[in-house]
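These notes concern the structure reproduced below.
Nothing in this text is a laboratory measurement; each read-out follows from the coordinates by a stated rule. Note that this is a predicted model, so its numbers are computed, not measured. Cβ coordinates were reconstructed from backbone atoms using ideal geometry, including for glycine residues, and neighbour counts include every protein chain displayed.
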Amino acid sequence: MAALRGCISAACSILPNNINLLGHGLQQIRNYVGCRVVRDQKRRRWAKQYAEERLRLVALKRNDILPIEIRELAGKQLDETIPRQTALRQLTTRCVVTSRGRGTMIRWRVSRFIFRHLVDYNKMAGVQRAIW
């Protein structure tokens, strides 16, 4: 146990005191997880859990070739067994830095404010600001 403590203290003494391991040099705008973020994470878990069954039932419900009775049974089973929050339209793309729900650049998963800040200071690889 003493050897383990010695190794840990030696490793800690090597690292500089002002290093920012979590932020990677970026200023964190907000470290707040609100109810909307928690709700969105819950919906993503549910969507993943019920995805296959929901896809099958929706396909049966929308199929024009099948008899009406089968389509009604599929719709009834869809309403009874699968929560409505599992629909993909319920999911919100949120910024990973600020957890902002609007104005998110989907490709980079950050809001437009954070995207502009990162591009201005050359923190985003392969992207540069337009020069007219």
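Of VAL37, ASN63, LEU78, which is farthest on the positive side of the dipole of segment 33-91, counting Cα position, with +1 on Lys and Arg Cβ, -1 on Asp and Glu Cβ, and the Cα centre as origin?
Farthest towards the positive pole: VAL37.
Cα to Cα, under 19 Å, and not fewer than 8 places away if on the same chain: which aspartates and glutamates meet these conditions relative to LYS48?
LYS48 reaches ASP40, ASP79, GLU80.
Over segment 33-91, what is the mean sequence separation of C-alpha contacts under 8 Å (at least six apart), divided by residue count, expressed as relative contact order in percent?
Working: 37 pairs, mean separation 26.9, N = 59.
Normalised by residue count, the contact order of segment 33-91 is 46 percent.
In nm, to one decimal, how far is the modelled label at GLU52 from the one at LYS123, with both set 7 Å along Cα→Cβ?
4.1 nm
Using just the C-alpha positions of segment 33-91 as equal point scatterers, what log10 of I(q)/I(0) does the Debye formula give at each q in 0.13, 0.25 1/Å?
Ignoring solvent entirely, the Cα scatterers give -0.39, -0.95.
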